[in-house]
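Student: This is the structure, below, for whatever I ask next.
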Amino acid sequence: MSHPTRTLQIQRWLIAAAFLPTVAMAQAGYVSQTLSFDTFQPAASGVDLHDAGFSFGASWFGQTVNGNTFLSLGGDGTINAIWRDDGEAFYFDGLTTHSLRGGDANGKFAYVLYSGNTVVYNGGNPVGDADKGDKEFTFNSAPSSSNPSYSGLVTRIAFTFGGKPGEVTAIGQDFNHFAIDNLNVRTRTTTAPPPAPVPEPGTYAMMLAGLGAIGFMTRRRRLSHD
């Protein structure tokens with residue numbers, strides 16, 4: 001007598017074998033990219049700039065020196081945020097900074113990172129404050145890379161600046177010679193599923209054999225019960 005459970009397992013195996021080619025599901029992940037700003041034309045501040053899906057506050061403007069284009073701060077330096085046009089969260093992996101001054105080029109800045117309207121990292125805070133951070137960076141005439149010690153997703157990058165002894169604030173005067181380049185981020189991407197494969201003749205043969213075997217096993221089980 002054929003065991004019903006075993007027969008059902010065989011049927012499932014035959015169906016799976018017949019339809020072995022499957023369509024891959026879309027996968028979401030994060031891809032690294034570097035914004036070098038080389039597509040920007042020199043422009044006055046006061047206009048929001050956009051590059052590779054990112055927006056830059058109205059205090060930024062494009063500047064080209066020796067064939068290299070970068071962003072520097074103008075205005076009062078307070079509208080200095082960077083965010084995605086679509087509002088999506090992303091990973092921030094640092095950028096390159098330098099000073100526009102030849103002499104007296106040393107300046108201080110700190111990152112302020114947001115998730116929505118919440119500050120998740122504030123490098124300008126004194127040690128012991130509730131917000132994470134406590135890390136200031138210096139910048140001078142030589143380009144240098146910096147990366148805040150925060151590894152989570154963010155929706156906005158902003159900066160605070162020095163200009164007073166021992167203090168980094170949103171309106172510190174060091175903003176007026178601050179420039180950035182090579183913004184490194186990881187943004188979410190979705191890999192589209194590949195087109196469904198066209199079954200080969202052997203696949204059809206396997207499918208027909210599987211269906212025939214299923215019919216045979218079903219008939220045999222029915223006769224056994226009779």
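Student: So between Thr39 and Thr189, what do we pick up on full extension, going 0.36 nm a residue minus the alpha carbon distance?
Tutor: Additional length available on full extension: 51.8 nm.
Student: Sort 56-66, 141-151 by packing, meaning the average of other beta carbons within 10 Å per residue, with the highest value first.
Tutor: 56-66, 141-151
Read-outs throughout are calculated quantities, based only on the coordinates presented, and are distinct from any laboratory measurement. All figures in this text were calculated on a predicted structure; none of them were measured in a lab. Cβ sites come from the backbone with ideal geometry, for glycine too, and all protein chains shown count toward neighbours.
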